[in-house]
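In what follows, a structure is listed as structure tokens, so that the remarks can point back to it.
Taken together, the values in this text are just the output of simple stated rules run on the coordinates, not laboratory data. Small disclaimer: the values here were computed from a predicted structure and weren't measured. Here the Cβ positions follow ideal geometry from the backbone for every residue, glycine too, while neighbour counts run over all protein chains shown.
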Amino acid sequence: MNGACYVITGATSGIGAAVAARLLSRGESVVAVARRKDVLESLYGQNPCALCAAVDLEAPDATARVAAAVKGRFDAVRGFVHAAGFVVPAPLGLVQDDTAHRLFSIHALFPLQFLGWMAKRPNHADGASAVLVSSLAAHEGDCGNAAYAAAKGAVEGMLKPAAAELAPRGVRVNAVVLGVVDTPMARDTWMSRSTQEQIDARRARYPLGFGTPEKVAGVIDFFLGDDSAWITGQCLVADGGHQLT
Ligand SMILES: NC(=O)c1ccc[n+]([C@@H]2O[C@H](COP(=O)([O-])OP(=O)(O)OC[C@H]3O[C@@H](n4cnc5c(N)ncnc54)[C@H](OP(=O)(O)O)[C@@H]3O)[C@@H](O)[C@H]2O)c1
């Protein structure tokens, strides 16, 4: 492989996997990043356009390891989508320090450092686009979500300065702010602890229904492509109309 690639984190599940599948379906080159090597191999191992990078993005050397994977096979990064993450709901008094550090590491510190790496590489200047994934959690008052919301707030906080710094190089940085998307993250956390009535009540506040990974991948793809070539530093809410209710 050579040429330019898309670095997609969270590629083993949910939104990241849907973005990677969409890019690969049209023959783009993808560096698929997540921890579970076996899942990466089963999803991407047979695809000549995909390169698997099994990296724990909470680790201090995460950016160096993803960068090494890119540099070993590609000349440049054309797109970066940071869709890896997790949530651990807990009331304020029960937020563990370790969990809070992990949340900030994966949601905020890794993309900050990876954008820093992109800023230092002159061959990313040609129309590269980065898309960060945020959450309505950073904008709403859901009890038990303060640590996750704070980490997502940090994602949105870095957006405009990073976009301003990278714009002269032709690199764009945008974010999607998501409502509920039906993925393993949602199913394994609040959905599994809710009754069907509670899930239905929440869905009723989504006029267009809960999101799907494929619908979100379409929004992210818009930010990756030339149709958004004049947009940078923006947060786009994709929430099925939830904020209208
Ligand atoms: N689903 C929703 O309702 C919702 C709403 C708003 C925002 N979001 C955001 O959307 C993004 C994607 O979420 P999703 O719903 O698609 O979640 P998901 O289906 O649970 O996927 C999470 C991905 O992150 C990877 N990951 C987790 N910890 C990692 C680590 N330490 N190092 C490397 N990779 C790691 C997982 O892969 P491995 O386990 O293989 O490492 C997996 O591929 C997240 O930022 C999430 O906060 C989701």
Study note, to complete from the structure: Which of Lys37/Lys152; Lys71/Lys120; Lys37/Lys215; Lys71/Lys152 exceed 24 Å between C-alpha atoms? The answer is Lys37/Lys152; Lys37/Lys215; Lys71/Lys152
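Just to verify a number: FRET efficiency for Arg65 and Ala204, C-beta to C-beta distance, R0 = 45 Å, to 0.05?
That gives a FRET efficiency of 0.55.
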Exercise for review: Please report, in cubic angstrom per residue, the volume enclosed by the convex hull of the alpha-carbon atoms of the chain.
Suggested key: 124
Practice item. In nm, give the distance between the simple-model label positions of Ser25 and Leu92, each being 7 Å from the Cα along the Cα-to-Cβ direction. Key: 4.5
Point to revise | Of His82, His107, His139, the one that fluctuates the most in a GNM where the chain has Cα springs shorter than 10 Å | key: His139
Study note, to complete from the structure: FRET efficiency (Asp182, Lys120; Cβ distance; R0 45 Å; to 0.05) is 0.75
Check your understanding: With each pseudo-label sitting 7 Å past Cα toward Cβ, what's the Leu244-Asp142 distance in nm, one decimal?
Key -> 2.1
Check your understanding: Is it possible to state the helix-based mean residue ellipticity at 222 nm for the chain, with each DSSP H run of 4+ residues giving -39500 (n - 2.57), the sum divided by total residues, to the nearest 500 deg cm²/dmol? What is it?
Key -> -11500 deg cm²/dmol
Practice item. Check every DSSP H run in the chain and write down those whose alpha carbon atoms cover 24 angstrom or more along the long axis and whose mean Kyte-Doolittle hydropathy is 0.5 or greater. Key: 146-166
Check your understanding: Which ³J(HN,Hα) values in Hz, rounded to whole numbers, follow from the phi angles of segment 227-234 under the Karplus curve 6.51 cos²θ - 1.76 cosθ + 1.60, where θ = phi - 60° and Gly and Pro get x?
Key -> 5, 10, 4, 9, 10, 8, x, 10
Point to revise | Inter-label distance, nm, simple model (7 Å from Cα along the C-beta direction), Asp226/Glu214 | key: 2.7
Review point. Among Ile231, Ile15, Ile106, Ile8, which comes first, second and so on when ranked by fewest other beta-carbon atoms within 10 Å?
Key: Ile231, Ile106, Ile15, Ile8
Check your understanding: Amide H to amide H under 5 Å from Val237: which residues, 5+ apart in sequence or cross-chain, H placed 1.01 Å off N in plane?
Key -> Val177
Point to revise | Amide H within-cut-off set for Val77, under 5 Å, with H built and near neighbours excluded | key: Cys5
Review point. Hey, if you put +1 on the Cβ of every Lys and Arg and -1 on every Asp and Glu Cβ in the chain, which of Gly179, Ala162, Met191 ends up farthest toward the positive end of that dipole?
Key: Ala162
